[in-house]
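Heads up: the structure comes next, in structure tokens.
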Amino acid sequence: MVEKPANEKERLALLRQYEILDSVEEVMFDELARLAAHVCDAKSAYVSFVDENRQWLKASYCFDIKQTSRDTAFCAHAILEPEIHIIPDTTADKRLSDNPLVVEEPHIRFYAGVPLHLDNDKAIGTLCVVDYESKSLTEQQIESLKIIASQVVARIELQHVQRTLDEQVATQRKKLLDEIQGRSQTENLLQTVLDAIPHAVFWKDRNSAYLGVNQAFADD
């Protein structure tokens, strides 16, 4: 079983709060994955998120797998790291040498994943690149991969803020409509009462402009 972060409970709560799991595909995330692959001269790349039992891919480039169990996910190891997790040769790593993704299709040999940290230290997923032969990354490639990962995080946070604002606007709009409807019902009730009075009734503002009349006044 893969080790879990010390802040696993808080990390999972944040993952649910951001509502990213099982969300629709988005071109922006796919493009960032493709950029990561190109920068690192890797065959494939993907943006994944790790929940209690699985790894789910939000975006990918030349990688057909949509989700895996958490126990077989390389990213389950990467979220334990503060900055980047690099495995030059998966067959030489005792944690992964018998992993189905290594010994079977797609036969991953190289992996590098940058944890996606939200709220300072809670890694909800990774941006990672993979290849099918062992290799390494240059310092410049590592730094570039970290920068792209920061853009993935920025996109996630922006969407969360926008969704929060949309929800607040929707709540305020409903509250306003309810108030208007309530006021309208009150005014209709008042008009019904006034119309039942047999003599003329009217009311004006301070400039003597009519604001309303009852039916008896209108009939005169």
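The values are calculated or read from the model by the stated rules, or taken from the named source; none is laboratory data. Bear in mind that the values here come from a model prediction, so they are computed numbers and not experimental data. Positions of Cβ are generated from backbone atoms using ideal geometry, with glycine treated the same way; all protein chains shown enter the neighbour counts. Note: areas computed on protein heavy atoms with side chains; ligands, DNA, RNA excluded. Shrake-Rupley method; radii C 1.70, N 1.55, O 1.52, S 1.80 Å.
Points worth noting:
- Total residues in the range 64-99, condition farther than 15 Å from P115 by Cβ, loosely packed, with under 14 Cβ neighbours inside 10 Å and out of contact with any Leu (no Cβ under 9 Å at 6 or more places or on another chain): 8
- A6 open to solvent by 50 Å² or more (accessible area, probe 1.4 Å), hydrophobic (A, V, I, L, M, F, W, C) and part of a loop (DSSP other than H, G, I, E, B): yes
- So S23, is it open to solvent by less than 50 Å² (accessible area, probe 1.4 Å) and modelled with pLDDT of 95 or more: no
- Residue list for the range 52-63, restricted to those being surrounded by fewer than 18 Cβ atoms within 10 Å (Cβ to Cβ) and assigned to a loop (DSSP other than H, G, I, E, B): E52, N53, C62
- Members of the range 138-179 that are surrounded by 13 or more Cβ atoms within 10 Å (Cβ to Cβ), more than 19 Å from D30 (Cβ to Cβ) and β-branched (V, I, T): I142
- When I86, I65 are checked against the criterion of being aliphatic (A, V, I, L, M) and more than 21 Å from the chain's Cα centre (by Cα), I86 stands alone in meeting it.
- Unique match (being modelled with pLDDT of 95 or more, more than 21 Å from the chain's Cα centre (by Cα) and buried (at least 16 other Cβ atoms within 10 Å of the Cβ)) among V47, V39: V39
- Residues that are under 28 Å from L158 (Cα atoms), in a loop (DSSP other than H, G, I, E, B) and in contact (Cβ under 8 Å) with a residue 12 or more places away in the chain are absent from the range 88-103 altogether.
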